[in-house]
Amino acid sequence: MLTVGFDTLALGSSNSTFKKLMAEDFVNGTQLNPFVTISAEGEVTIMAHVPELGQGISQGIPAIIAEELGVTMHQVTIVKASASQQYGRQSIGGSRSVRSLFTPMRQLGASTKDVLVQAAANKWNIDPSACEVKEGVVYRKGTKDSLPYGELVEDAAKLELPKNPSLMDKKDFKIIGKATHRPDLAGKVNGSADYGIDAQTEGLLYATIERCPTLQGVVTSYDADAAKAVKGVVEVMEVTRTVYGKKNTGIAVIAENYYAATEGRKKLNVQWDNAEFKNISTESMNADMIKLAQGEGMKHFEKGDFEGNKGKKGIGGSVKVKSVGYSLPHMAHSCMEPMNATVHVREDNTVEVWAPSQSPQVQRQFAKELGIPDNEAEDKIKVHLPYLGGGFGRRSMNDSLEECFQISKSMRKPIKLIWSREDDTLQGPFRQISHHRMTMSLNSGDRIGMQHKMVSPAITTQGRSSNGRVPFEVMEAINTHYDFDDISVRYAEYKNQIPIHWWRSVFGSTNAFPHESFIDEIALELKKDPLQFRKEKLKSEPRFVKVLERLEKESDWNEKLSANEGKGVAIVESFGSIVAHAVFLKRENGKVTIPRVVSVVDCGIYVNSDQVIAQTEGNIIFGLTATLKDAITFKDGAAQQANFDTYRMLRINEAPRDIQVHLIDNDEAPGGVGEPGLPPIAPALTNAVFNLSEKRIRTLPFDLQDI
Amino acid sequence: MATYKLNINSKEYTIEAEPQTPLLWAIRDEARLTGTKYGCGIAQCGACTVHLNGNPVRSCSLPVSAIVGQEITTIEGLSDDNSHPVQKAWLEVQAPQCGYCQSGQIMSASALLDKNPKPSDEDIDQAMAGNICRCGTYHRIRKAIHVASKEISDGSK
C-alpha cells in the first residue's frame, strides 16, 4: 500500500499554455469510475477525495471501497485527489465523512467489482453468479480458471456500473473494523508530506496581512511607502475577508520572501477607527448572558412539567430546588499549521490554487469573480488539495483563500499568504462563548426535575435573525434520555459582534460540561454513586448502559481510592456516537496530576479501529486543553491572547500517561469519531475534581493546581 | 542582503538573505526543505525544531547570520528511507495525526535518544515539553520514544 505524493514544485508554472498537471494526471491504468483505476498489471488506484486533516480519512474511505471491491490494501495505491465535482461533495466537518459515505462508498466498490466479474463471466460465457472474487482475481467456481482484475479492466470499463449492487455481510469484512496502518504517515515522519504552507511554484511571492485588533474596525490611514521601502517588498494593498457577511479589512504586504513581508508589515503604522467596538469585553458579554438566562428562553425539549412541578413538596413534605450558573469562554482553533493559502491567477484568467481547506471546491466562487461561466470553472481553475495541518472546523471557512485570491487577481502573480500565529489566534472566528443556568428540583416523593437553560450566540444565525426558532446546531450533546420526571431544555440567543465558527464538537464542547456536571450534582444530592446513578437513569437506553457497564469494568470504577485520589465520569452522545470517560486524579507532593483516563466508545460499525482510538486520544487532549489552559478573552473589543505563550496548549508533561480507549462492537450504523470523544472529558475531569476536593468547578478553564 | 553558506544535512546551500532572517525561512524557502514547519515564530511550539551541531534548536528564533559554519540537520536529513529508529517507531505506533508538528517532535526525540538512549518518562517529559501537538498524540509519542529506545539499545548490544 502506497500513497503518492507529488512534488508541487513541478506542477506550477506561470506559462498559461502549460498543462496544469493534477494528481489525477499521474494515475496509471483504466478508470472504472472517478475513484477506481486499475492498470493492466493489476495495480489498483483509489482516489482519496476527502481532505485529510489528521483523522485518517484518506485511508478510511479507500478502505471502504477496497473492501467491497474485493482487493487487499496491499494491492491498493491511494492517491490524494484534487478538488473536483466528479467526486461529489468534498467538504468535511461534523464528524460526517464515514457516517455519510459508508454506504455510498460500499456501493461504489461493490458495483465496480460487479462489472469486473461481469467481464470475466462474459469471457467464460457463464452467469456472473458462477464466479467468485478473491484478492483482485475472479475465479470460476469449482474450477481452476481465473482472471485477474488487470486483464478484465478494459472490458469492464465498457460496462455500466449497476445501481443497486449487493453488499457484503459484516462478518465477511477483511478490512473494515480492523486496525490498518495509514499510508500518509510515511511522509509525515520524513517531512515530505505536502501541506498547504509548503506549496511551491515558479516566481512565488509571499504575503502577510496587518489586521484590525477589533476585527471589523475601519482603516483610516497607513504608510504604504514605508513598507515598500523595505528591501524585497513589492506591493502593499487593502484586502478584505468575509466573516459571516461582515467585511474584515486588512493591509497586505507582498514581498519576494516571507521575512521581507513581515518586516514591511511592521512599518505600515495602520490607524483604525475602532470606536464601535470599544465597549465589548468578556465581562460585559458574561453579564449580558447571565441577564438573558433569567428570561424564559425558547423551548427545545420539555418532558413532564418542569415549571409547574418545580418546588412542589413530595410525600414526606420536603423539596430541594437549586439553581447554579456554568460558564464557558471563547476559544481559538489553533491548528498547528496557521491559516494560509497559495493562489495563482494568471493573465489569461486561468487559476491554480493550493487549498488547505475543509471545503476546497472553490472553483465556482472564483469563477464568478473572474467572469468565467460555471461550466468552464473546473477547466480553468485547478485546485490542489494538500494535507491539512489540523482543521478542527476552522478550515471550513475559506477566508484566507479569499484574501489570497484577491491579491493574486490584482497582481496576476503566484502568491502564498501565511497568517502569523498571532493573526491565527487573535482574529477568530472563535468557539462560541456560553452561559448555562442549571436548575434541579428534588422532592421527598422521589420526583426529579432538571432544567438546562442555555444562552449563547449561534453560528448559523450570525448576521440574520433566528426567527424565534432554536438554531439546529446549538443543542448538541444535551442528553434528554435521563429518566427524570420533569425535564426542560431551553435556549436564549445572545447576539453580539464576536464572530464564532465550528470548533471541534462545537456546542458539544460547551453543553456537555454543565449538563453532565449537573447530573453529578443531582446524584450527589441523592447520595448515589455517579456511575450507578447514570446506569439507573439511562435504563431505557441499552447502548448507554452497555457503554457504562464496560467503563465500570475497564476502569475498575468500584475499587476504593485512597484519600489523595479522585475519580469522575461523564457520558455524552454527540454526532451519532456515545462516548464515556472515567478520569482519575492524584494529589502527590502538593501537585495534582491526571494519571489515567479510561474511555469507552460506541460509534457503531467503524472502519479502522486504530483511528477511532487515535481520534479519541486526541479528543481527550484537545478537551483537556480547553478545560485547563487559557480562554480567549476580550477587552476594548480585541482578543487579548496572541500566541502560545499566553494561549497555552496542554503539553506532554501534563498529559495523562495512561489513556485506554475501548470500543464497543455492534452492528449499529456508523457514528462520528472525530469529535464525540471531546464533550465528556471536561465534565468527567471536573466531576473527579469534586470527588477529590469537594470543589465544584462551574467556570472553564480552571487551573488544576488551584483545587 | 548578504550571501550565506549553510551546511544542511551535510550539503552546502548558498543563500541570499537579510542577516536577521530566521533560519526557519532560509531552510524552507531558500533551501526548499519544507519538512521543517512554522508554528508560532517565538520558540513556543517546537514545530521548527532542527539539530544544530546535534542539539535541538528552534529555527524560527535563530537569525541565519548566527548559524554560518555550523552543522544543521533537518527532518529530511534523518534518513533516506524512514529507517531511523525514531521514524520506524513513529510508524509502528502510528503516532502522527495531522502530522504538522511531527517533524519537530521527531527532531526533539532523536536528539534526546542520541544523548540518552534509555530515557525515563520524566526525561521524556523534560525533553519533549517544548513541542506542542494540537491533535493530542502525546500518548503515542511517549510510546514511540520507548519503542525507539528499545531498538537502539537492542541494536547496540
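Near A:Gly391, no amide H atom lies under 5 Å from its own; only residues 5 or more places off or on other chains count, and H is placed 1.01 Å from N.
The distance separating the Cα centre of region B:6-73 from that of region A:624-673 comes to 30 Å.
Length, then width, then depth: along the principal axes, the Cα atoms of chain A run 84, 81, 53 Å.
Each of A:Ile254, A:Ala157, A:Pro471 was scored by the projection of its Cα onto the charge dipole of chain A, and the greatest displacement toward the positive side belongs to A:Pro471; charges sit on the C-beta of Lys, Arg, Asp and Glu. For the pair region B:95-157 and region A:80-99, the centres of their Cα atoms are 33 angstrom apart.
Using unit Cβ charges (K, R positive; D, E negative) and no other charged atoms, how large, in debye to the nearest 20, is the dipole of region B:2-77 about its Cα centre?
Result for region B:2-77 is approximately 180 debye, rounded to the nearest 20.
Around the Cα centre of region B:85-155, unit charges on the Cβ atoms of Lys, Arg, Asp and Glu (plus for the first two, minus for the last two) sum to a dipole of about 200 debye. Computed over all pairs of different Cα atoms, the Kirkwood value for the hydrodynamic radius of region B:2-77 is 11.9 Å. Averaged over peptide A:448-456, the number of partner chain Cβ atoms lying within 10 Å of each residue's Cβ comes to 0. For the peptides B:97-109, A:184-196, the ranking by packing is B:97-109, A:184-196, with the highest mean count of neighbouring Cβ atoms within 10 Å listed first. Positive end of the dipole of chain A (Cβ unit charges, origin at the Cα centre): among A:Phe277, A:His384, A:Tyr326, the Cα lying farthest that way belongs to A:Tyr326.
Farthest towards the positive end of the charge dipole of region B:85-155, among the residues B:Ser108, B:Gly155, B:Cys135, is the Cα of B:Cys135, using unit charges on the Cβ of Lys, Arg, Asp and Glu.
Within chain A, what is the longest stretch that has no GluC sites (Glu not before Pro) placed in a DSSP loop and near at most 11 other beta-carbon atoms within 10 Å? For GluC sites (Glu not before Pro) (loop position, at most 11 other Cβ atoms within 10 Å), the longest site-free span of chain A is A:348-558.
The tail of the calculated P(r) for chain B beyond 23 Å holds 34 percent of all Cα-Cα pairs. Taken residue by residue and averaged, Cβ atoms of other chains lying within 10 Å of the Cβ of A:381-391 number 2. Across chain A, Cα pairs under 8 Å and at least six residues apart give a relative contact order of 14 percent. Loop-located trypsin sites (Lys or Arg not before Pro) in region A:498-574 (DSSP state other than H, G, I, E, B) with a sparse environment of at most 16 neighbouring Cβ atoms within 10 Å: A:Lys527, A:Lys528, A:Lys539, A:Lys560.
Report relative contact order for chain B in percent, whole number only (criteria: Cα-Cα under 8 Å, sequence separation at least 6).
So the answer I get is 23 percent.
Of the chymotrypsin sites (Phe, Trp or Tyr not before Pro) found in region A:90-194, the ones in coil according to DSSP and having at most 16 other Cβ atoms within 10 Å of their Cβ are A:Phe173. Peptide A:251-258 is shielded by partner chain Cβ atoms: per residue, an average of 2 of them sit within 10 Å of its Cβ.
Working note: Cα atoms of region A:24-97, range along each principal axis, descending, whole Å: 39, 23, 18. Our note on the geometry: Cα centres of region A:405-446 and region A:330-354, 18 Å apart. Computed about its Cα centre, the charge dipole of the protein assembly as shown is approximately 1820 debye, with only Lys, Arg, Asp and Glu carrying charge at their Cβ. Across region A:2-188, Cα pairs under 8 Å and at least six residues apart give a relative contact order of 24 percent.
Trypsin sites (Lys or Arg not before Pro) within region A:618-707: which are DSSP loop residues with at most 13 other Cβ atoms inside 10 Å? Within region A:618-707, the qualifying trypsin sites (Lys or Arg not before Pro) (loop, at most 13 other Cβ atoms within 10 Å) are A:Lys695.
Quick note: the coordinates plus some simple rules give every number you see, no bench work behind them. Just so you know, these numbers come straight off a predicted model, no measurement behind them. All Cβ positions, even for glycine, are placed from backbone atoms using ideal geometry, and neighbour counts span all protein chains on display.
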